[in-house]
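S.K.: If you scroll down you'll find the structure; I have some questions about it.
The values are calculated or read from the model by the stated rules, or taken from the named source; none is laboratory data. Predicted model only: the values in this text are computed from it and were never measured. We work out accessible area using only protein heavy atoms, side chains counted, and drop any ligands, DNA or RNA first. Shrake-Rupley method; radii C 1.70, N 1.55, O 1.52, S 1.80 Å.
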Amino acid sequence: MSKIGSIGARLHRGEVGYDFVKNRKIWYGISILITITAILGLAVRGLNMGIEFQGGAVFTSPKHMSASVAQAETYAKDASGHDAVVQKLGDGSLRIQIAGIDTDKSDEIKTTLAKDLKVNAEQINADLVGPSWGEQIADKAWEGLAIFMVLVVIYLAIAFEWRMAVAALVALIHDITITTGIYALVGFEVTPGTVIGLLTILGYSLYDTVVVFDSLKEQTRDITRQTRWTYSDLANRSINGTLMRSINTTVVALLPVAGLLFIGGGVLGAGMLNDISLSLFVGLAAGAYSSIFIATPLVADLKEREPQMKALRKRVLAKRAQTQGEPVDAADDGPFEDESEDAAPAVVGPRNQPASRGRGRGRPSGKRR
């Protein structure tokens, strides 16, 4: 077995592990800081909405144009009075995208562009997108996202419980906010491909979260009948038990997306790949993070506030203190108070074998003769 596989097996058996739940305040703080940065990016810079959402025109020149992308951008800006996005396609033609213009002026812009590019106006293809159509697409995207969220909450509340549904919803909002904030800070164009990417990464994030929740549901069945583990301990064991699976699936998913973003969009200059690849790359990473560091610790936080879980925690800590010969603070009502001193590690090694009874040194077993 490889070293990584050995670590994964030991994590699954509970022989090693990291206390994610105990350090949850650190992860909450990191997430809050990143989320605030994303919100500031959205408030200050805003999203660079594509032509599908703003309306405008897309002009495609003939093949094998001698004009460069920079020259075409200048020509388009002078002809329309708006900034333009120009891409050079594989056949040498230019795709000139101008958002926010009145479609009635498209013929005038087309004629001016043909003159600057030194081609016949009939050789330039123009595709027009009205602003009302763009608004309709944006509204449908928001409606689809809202319906998705509602269905997710209903499903998780039925399959698991409402606390897990709330935690999963918080994790999904966390992922969407970070991804859209990165879009605002980077300045990439938001297109229908971006919306598709957002919905895709929500599915990945939900998958990782449900895997941990399913393990947690199995481990916490009849939890109040024992006095060895608290709910937080078992939540931590669930995260560690599925940790390598989450990491492996995320890395495998990120590799092809990274190829699209950095090689396809960055090195080869296929800018049309940036809209969907950036949302997938950021969203997959944020989804894996939220499943491990946000969703499950938040469930443990909510669950430990139940009276039954509080009573169980007291019994577990009392038994541990009695085993270790330490006094128990009967006034400890908080679900996480004094955790670093009283609570045993959430992940422990295999049980120690009982010592064998000593026999007479050198004395053979059996009856004496």
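S.K.: Per the 1.4 Å probe, what fraction of the accessible area of the range 108-173, in percent, lies on carbon and sulfur atoms?
M.R.: Here it works out to 62 percent.
S.K.: List the lysines whose alpha-carbon lies under 28 Å from that of LYS314, not counting same-chain residues fewer than 8 positions away?
M.R.: LYS22, LYS25, LYS217, LYS303
S.K.: Let me ask something additional. Could you tell me the largest-minus-smallest coordinate of the C-alpha atoms of the range 116-204 on each of the three principal axes, in descending order and whole angstroms?
M.R.: 66, 26, 19
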